[in-house]
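Every number here is computed from the coordinates shown, using simple stated rules; none is lab data. Everything numeric here is computed off the predicted structure, so don't read it as measured data. Methodologically, a virtual Cβ is constructed for each residue, glycine included, from the backbone with ideal geometry; neighbour enumeration extends over all protein chains shown.
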Amino acid sequence: MGVDVTIKNKQLFKKPLTIDELTMGKYGCGTVDQYGRNTCKPGNGDIVFYDKNRIGRGVIIFSWSDSVKDSVDLRLNSFSTFRDIDMFYEFIRNIMKIWKAKDFEQDGSKYTANDIDRLADEQKEFSIKYMSEIESIVNDSNGHITIPSAMFDIDIAVERLKEFGNSKDADGYADYLHGLQSIDAYYAVPSMYESREKKNVFFGNYVITTDTDTIFPLKASVPMMFKNPNTGKALECDDFRVAFFDYDKKKPIGSLSFDDFAQKAGIANYPKLDETHIFLKGMTAGEMEELLK
């Protein structure tokens, strides 16, 4: 659930939007890869804009390309921070100014620039209310909800999200999302492969590189939305490994099953990032070799 806006360019001589115009010289942006990670590089497709000093859920522009000149679609996701909401309506003002648009469409209704301040205030109020009512909206036996955010997916405890809403702690919520996403670390995901010997049998491989801080999962899993290429159904896999790579020597060191790595490295004792990930401090080649013994 979110807020969808369409802005149409009704000028006779239509000018395509540019990334520089959209970022306004102060925002970061990037397309999102198949794992939900922001590439921090603009490109064709859905693109996320974010405030580097206050990273939240960001503002999404759909189906971006260098030739967008007739209309543009934007989304503000649910559970957005107040900064996200301000950015969202700042983008609307900016695009309307560039295209000299007199109105825009939000969730099927038309509005003008004079409505923006009121709409922004309404969305802020709704965002806090929505968080406080999260338990009636989400039925998750794991006790957490996945929130696709500006840099990567975040798994937040339902109780924590509810508390932010109940206490109306918009700043605390924004600090929480920014604190997680401003960490300079590699977000580990599994590359998925099909067995050469058995069709429809897959395995996943996580990679840890020497001296690289890594956001690592407590439990191995198939990335969201991944499909079995043979059947089109959700991809199923219970065979995961962790490979070690020496960055300086540009060569692999070895690998372990995910469960063996988790046990030997004691990842459950590492600092938690969110409900399903830990912060794994960069390992030396020697530390990796010790795990392989």
Mean separation of Cα contacts under 8 Å (6+ apart) over length of the stretch 36-129, as relative contact order %: 20
The ratio Rg/Rh over the Cα atoms of the stretch 10-92, Rh being the Kirkwood inverse mean 1/r radius, stands at 0.96
Just to confirm the number: angle between the C-alpha axis of helix 170-181 and the first principal axis of the chain, 0 to 90 degrees, nearest 10? 50
Along the three principal axes, how long is the stretch 3-42 when you take its alpha carbons, biggest first, rounded to the nearest angstrom? 40, 24, 16
Toy charge model, Lys and Arg Cβ at +1, Asp and Glu Cβ at -1: the chain dipole around Cα centroid in debye, rounded to 20, equals 1000
Contact order relative to length for the stretch 188-293, counting C-alpha pairs under 8 Å separated by 6 or more residues, stands in percent at 29
Angle between the Cα long axis of helix 116-132 and the longest principal axis of the chain, 0 to 90 degrees, nearest 10? 40
Taking the reciprocal of mean 1/r across every pair of different Cα atoms in the chain, the Kirkwood radius in Å is 21.2
Can you compute the helix-only [θ] at 222 nm over the chain? Use -39500 (n - 2.57) per DSSP H run of at least 4 residues, normalise by all residues, nearest 500 deg cm²/dmol. -8000 deg cm²/dmol
At a threshold of 8 angstrom on Cα-Cα distance, excluding pairs fewer than six apart, so keeping six or more, what relative contact order does the chain reach in percent? 14
Would you mind computing Rg(Cα) / (2.2 N^0.38 Å) for the stretch 145-237, counting N as its residues? 1.40
Cα centroid of the stretch 30-50 to Cα centroid of the stretch 1-23, whole Å: 18
Chymotrypsin sites (Phe, Trp or Tyr not before Pro) restricted to the stretch 217-293 and DSSP loop, no more than 16 other C-beta within 10 Å: Y247
Take a quick pass over the stretch 80-194 and tell me how many lysine pairs come in under 17 angstrom between Cα atoms, counting only ones 8 or more apart or on separate chains. 7
Treating the stretch 47-175 as a set of equal point scatterers at the Cα positions, no solvent, please give the Debye-formula log₁₀ I(q)/I(0) at q = 0.19, 0.20, 0.21 Å⁻¹. -1.11, -1.20, -1.27
Computed from the beta carbon distance with a Förster radius of 30 Å, FRET efficiency for R196 and D33 to the nearest 0.05 stands at 0.70
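Stick to the Cα atoms of the stretch 186-292, pair each with every other, and give me the Kirkwood hydrodynamic radius in Å at one decimal.
Here the Kirkwood hydrodynamic radius works out to 14.6 Å.
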Aspartates and glutamates near K41 by alpha-carbon distance under 16 Å, same-chain residues fewer than 8 away left out - which ones? D20, E21, D33, D51, D66
Tally Lys and Arg at +1 and Asp and Glu at -1 over the other residues with C-beta under 15 Å from the C-beta of D117: what net charge comes out? -3
